[in-house]
């Protein structure tokens, strides 16, 4: 009460009036506060509920919302109809109003980017993205009209086997995500929707809202998982997710979640009781997941009482049989995936799926030690009759020598167990190494495609040498570019190499066959036949003959060296799909749409009398899409479109073997070089490989969302190339089906692929009327050595290069903090430049191309970014981010370095330097302007020239009266009077940042980077635009004129240099110089124009290339 309170305060505060006022103030504030302090605080990350502003009928971009189909913690999903440019139903996910915090937007963008990286038939695809009018981001996915995995299986009463087959497709989807560097972190049945495609169930993995990247960032926004915050759903969460320790989450966390999902598919329940986890506290949930071991699936079924009846009925069996079917192998597989120690789980989702497939194929699984007894039981199940007979014999032997056999078996079983455990350990280590290698290759390919050659080189250099294969060698060569395409007048449908690899033959839609020199690209012969559309193409083993099969059933055989027609073979009534020569070259086999195989004698030229047909193997069950010979030539092989494979004795025509496996949608078939394997390319995107001797499938993988038009084995049989409908060429491991590389080869459908005889090159034919050759020949040295010298002494990126006035010296500046000075052997004292007294030419070894590293200059304390020689040949200037310019005496005393003449301290970070042609001035471009110094005295002269942004390039007019500067993020080039404070003129660049500027030797032209990766040429007096040079695909960083002004060189972030002939027509192609592994940071022509130096590199590697002018003084071409 008020009176009691006043009395208490009188007594407590006594004579302290200040204390009394403060207490009364707090009491008054407490009364005004109401009861808000009595309410519990909101949980971390909670936000206010806002009403949805989007509803059915609303329009977001090109999408009309039809109905809400899902809602999550921060997003809502609508079914929408896209109205333009095509009409289709899609799923649109948008952030809820009020949830657009930075953390939620970062999560949302991470999910969008994760889905954009993935391209798999069992993963929902991203179609579009954008933002609503209120600024909330959204993205559009394919609409999956499905139900959760477990609900679908129970509703359709799928058997255990059918559930396992469907589950395997989910494993392959998760593996694809892992190979792209994405961990899902929330794999559960409600995130796997099942729909029907042509009556067959197809699972789709969705909701990458909490996905994590292993090798890249999914968003530039800050993505932060709160401290002590669990990510995922507890029922499906791995122990390491629940533990929240310093241990990073990796792909094996998703393996655990897959194991939980498989447990639920089999038993109808999760490993830990759902109600128990729901009512337990957070710490108790974490303890259960981390410490408690769940029951095996077989044991769990026996504890479900009446529920077991319903669960078993949904699997079309009874409870007892269901429990029995789980015992042993399925228990082992599931419990291996649910191991608390992630090192004991399956290493990859593919390994998980492979073990399930072994179970389905009744083969030994790897989830347990493969004891002798276990293998014996598996053998017995597959070979019951043999086993019964063997058992009778074994019993008799055991009775006779029981004790001896018993001891031997025990010892053998023990040794086998030890060996098996050692083998499994080695195998696990090898799998992990292989998975890491695959990720590095995939990431290197992405970096290479984005123009980050240096980043790709770093990854490639880290790959273990013993794993480096075709894909590694191919990517290693990409810095040097690819061969120019072989242009045709019509669609190219087939391609093959000659046996010596020197020629390539191509077949076109118009019926022509062309023979090309595979090294020069010269068209050697054009062969014409009256028949349209080449369907098959093959060289004889000795390369003398070339056979082509046509759409009308005709086969033409030419003499390859002359192009003369050797034979015309008629007999097939419809399309000839494939032709093949026998190993001795005397016989040709052909297979066609008329369901026949024909064997022809081509030992001698057709004379018009003798019938070349040896035998017809007719009445095959379907179109014959593949033919081949055994390695000894004794048997002819044929593959039919319905999955039938037959072999015949060549001499008698008698059928030697035949088997069939159901195979829908076949488009192409190819036998391996040894005739032991057969690859099928199917129209549903699957590629299947069969072992013909064992008559079994080696693997079946869906390598593409579209079908492959052609398939080819490498000569050693280890790789398979697949020609894609989407313009890609995909390389697969022929033993596992693992995709090793994707080449984005053509802008149109790829119709044919072929390996060169040495296996190092791959040719692809396309509907874009070209053939392209992809080279993976291992590098035996620098392929540019004939016309280019590469200097790699710097330990970090090289940012600046400059020639001395006579061309005898080349200086380089690097982020390793040093300046290096190189000497050219073919430029001597006769060219009027004094040799420094510190000459070491007699003792130092010369670099390739007669270039010697003479001096390494140390003294800067930070990155060195530019160098310049004075016109009087006495001084070398170097600029560094330590805010100094150092002047080095070129006439210094002997030693391994030049003496420092003077240090010029600057007010801010330095970006560029340059001497005036008369040597009186040294310009220093800084963060906010340009200073001019007298290099002899070191004193500042003329007013400071202030700029809005750094000056990354400065140069003088030939008369030294004008200074021209680049504007960095200020899209302008400024022209200054050296004595002035303000620019006298500007060249604006259409809002394009400008990092470079060069003026022609006669002072008439100025070159700068332009918009859209172009180079602009301007009139120096009028500043009118004269010319636009197009060709680069990356931002242009440097430009330089040749001494005679005829050539202009441009260096780009696409790692290429282009040399433009300014006297050639504007549309003339420049010479493109390839070979750098990083951005082009600097360019400099030698004073005589005979050389061009370029600077580049990446982290830990500096690179200078000195190019011979013969490359651009001749016809335009790529190098």
- [ ] Taking only the stretch 933-971 into account, find how many residues are closer than 23 Å to residue 1045 by Cα, in a strand (DSSP E or B) and within 47 Å of the chain's Cα centre (by Cα).
- [x] 7
Task: Any chance residue 167 is crowded, with 21+ Cβ neighbours inside 10 Å, in the same structural domain as residue 310 (by TED's automatic domain parsing) and in contact with a strand residue (DSSP E or B) (Cβ under 6 Å, 6 or more places away or on another chain) - done: no
- [ ] Would you point out the residue of the stretch 1025-1056, among those that are touching a helix residue (DSSP H, G or I) at 6+ places or on another chain (Cβ under 9 Å) and outside any loop (DSSP other than H, G, I, E, B), that is nearest to residue 479 (Cα to Cα)?
- [x] 1049
- [ ] Confirm whether residue 519 is under 23 Å from residue 719 (Cβ atoms), without any contact (Cβ under 8 Å) to a residue 60 or more places away in the chain and surrounded by fewer than 16 Cβ atoms within 10 Å (Cβ to Cβ).
- [x] yes
Open item on the list: Yes or no: the stretch 617-625 includes at least one residue that is buried (at least 18 other Cβ atoms within 10 Å of the Cβ), under 39 Å from the mean Cα position of the chain (by Cα) and assigned to a strand (DSSP E or B).
Closed with: yes
Open item on the list: Under 7 Å between Cβ atoms, which residue pairs at least 6 apart in sequence (or on different chains) link something in the stretch 553-564 that is without any contact (Cβ under 8 Å) to a residue 12 or more places away in the chain with a partner that is surrounded by 19 or more Cβ atoms within 10 Å (Cβ to Cβ)?
Closed with: 564/558
- [ ] Kindly establish whether residue 571 is more than 24 Å from residue 655 (Cβ to Cβ), outside any strand (DSSP E or B) and touching a strand residue (DSSP E or B) at 6+ places or on another chain (Cβ under 6 Å).
- [x] no
Open item on the list: For the structure I just gave you, tell me whether residue 710 is within 24 Å of residue 172 (Cα to Cα), out of contact with any helix residue (DSSP H, G or I) (no Cβ under 7 Å at 6 or more places or on another chain), in contact (Cβ under 8 Å) with a residue 12 or more places away in the chain and not in a strand (DSSP E or B).
Closed with: no
TODO: Say whether the condition of being assigned to a strand (DSSP E or B), touching a helix residue (DSSP H, G or I) at 6+ places or on another chain (Cβ under 6 Å) and either surrounded by fewer than 24 Cβ atoms within 10 Å (Cβ to Cβ) or free of Cβ contacts under 8 Å to residues at least 12 places away in the same chain (or both) is met by at least one residue in the stretch 1061-1069.
DONE: no
- [ ] Hand me the list of strands (runs of 3 or more DSSP E) wholly inside the stretch 879-932 holding 1 or more residues that are closer than 24 Å to residue 852 by Cα and touching a strand residue (DSSP E or B) at 6+ places or on another chain (Cβ under 7 Å).
- [x] 884-889, 899-905
TODO: State whether one or more residues within the stretch 452-474 are within 13 Å of the chain's Cα centre (by Cα) and free of Cβ contacts under 8 Å to residues at least 12 places away in the same chain.
DONE: yes
TODO: Could you please let me know if residue 505 is surrounded by 15 or more Cβ atoms within 10 Å (Cβ to Cβ), in contact with a strand residue (DSSP E or B) (Cβ under 9 Å, 6 or more places away or on another chain) and under 21 Å from residue 588 (Cα atoms)?
DONE: yes
Task: Residues satisfying the stated conditions in the stretch 180-210, i.e. part of a helix (DSSP H, G or I) and in contact with a helix residue (DSSP H, G or I) (Cβ under 6 Å, 6 or more places away or on another chain) - done: 189
- [ ] Check off (1) touching a strand residue (DSSP E or B) at 6+ places or on another chain (Cβ under 9 Å); (2) over 12 Å from residue 350 (Cα atoms) for residue 200 and give me the number that stays unchecked.
- [x] (1)
TODO: Filter the stretch 436-461 for residues that are farther than 30 Å from residue 1036 by Cβ and surrounded by fewer than 19 Cβ atoms within 10 Å (Cβ to Cβ) and give the result.
DONE: 436, 439
TODO: Could you identify the single residue in 304, 277 that is touching a helix residue (DSSP H, G or I) at 6+ places or on another chain (Cβ under 8 Å), assigned by TED's automatic domain parsing to the domain that holds residue 346 and within 22 Å of residue 345 (Cβ to Cβ)?
DONE: 277
Open item on the list: Is it the case, given these coordinates, that residue 670 is in the same structural domain as residue 578 (by TED's automatic domain parsing) and either buried (at least 21 other Cβ atoms within 10 Å of the Cβ) or closer than 21 Å to residue 592 by Cβ (or both)?
Closed with: no
Open item on the list: Given the options 136, 145, 157, name the one that is exposed (fewer than 15 other Cβ atoms within 10 Å of the Cβ) and either at pLDDT 95 or above or over 16 Å from residue 264 (Cα atoms) (or both).
Closed with: 145
Task: Boolean, residue 104 is under 30 Å from residue 183 (Cβ atoms), under 37 Å from the mean Cα position of the chain (by Cα) and modelled with pLDDT of 75 or more - done: no
- [ ] Name the one entry in 299, 308 that is crowded, with 20+ Cβ neighbours inside 10 Å, without any contact (Cβ under 8 Å) to a residue 60 or more places away in the chain, out of contact with any strand residue (DSSP E or B) (no Cβ under 8 Å at 6 or more places or on another chain) and in a helix (DSSP H, G or I).
- [x] 308
- [ ] Restrict the check to the stretch 753-765 and report whether at least one residue is at pLDDT 90 or above, in a strand (DSSP E or B), within 17 Å of residue 468 (Cα to Cα) and in contact with a helix residue (DSSP H, G or I) (Cβ under 6 Å, 6 or more places away or on another chain).
- [x] no
Task: Answer from 691, 716 - the residue that is surrounded by fewer than 21 Cβ atoms within 10 Å (Cβ to Cβ) and closer than 25 Å to residue 356 by Cα - done: 691
- [ ] Would you check which residues across the stretch 984-1002 are at pLDDT 95 or above and buried (at least 17 other Cβ atoms within 10 Å of the Cβ) and list them?
- [x] 997, 998, 999, 1000
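Every residue, every condition in (1) over 27 Å from the mean Cα position of the chain (by Cα); (2) under 30 Å from residue 431 (Cβ atoms), yes or no:
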{"residue": "145", "(1), (2)": "yes, no"}
{"residue": "149", "(1), (2)": "yes, yes"}
{"residue": "152", "(1), (2)": "yes, no"}
{"residue": "156", "(1), (2)": "yes, no"}
{"residue": "159", "(1), (2)": "yes, no"}
{"residue": "177", "(1), (2)": "no, yes"}
{"residue": "181", "(1), (2)": "no, yes"}
{"residue": "191", "(1), (2)": "no, yes"}
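The values are calculated or read from the model by the stated rules, or taken from the named source; none is laboratory data. Because the structure is predicted, anything quoted here is derived from the model rather than measured. A quick note on method: Cβ atoms are made from the backbone with ideal geometry, for glycine too, and the neighbour counts reach across all protein chains shown.
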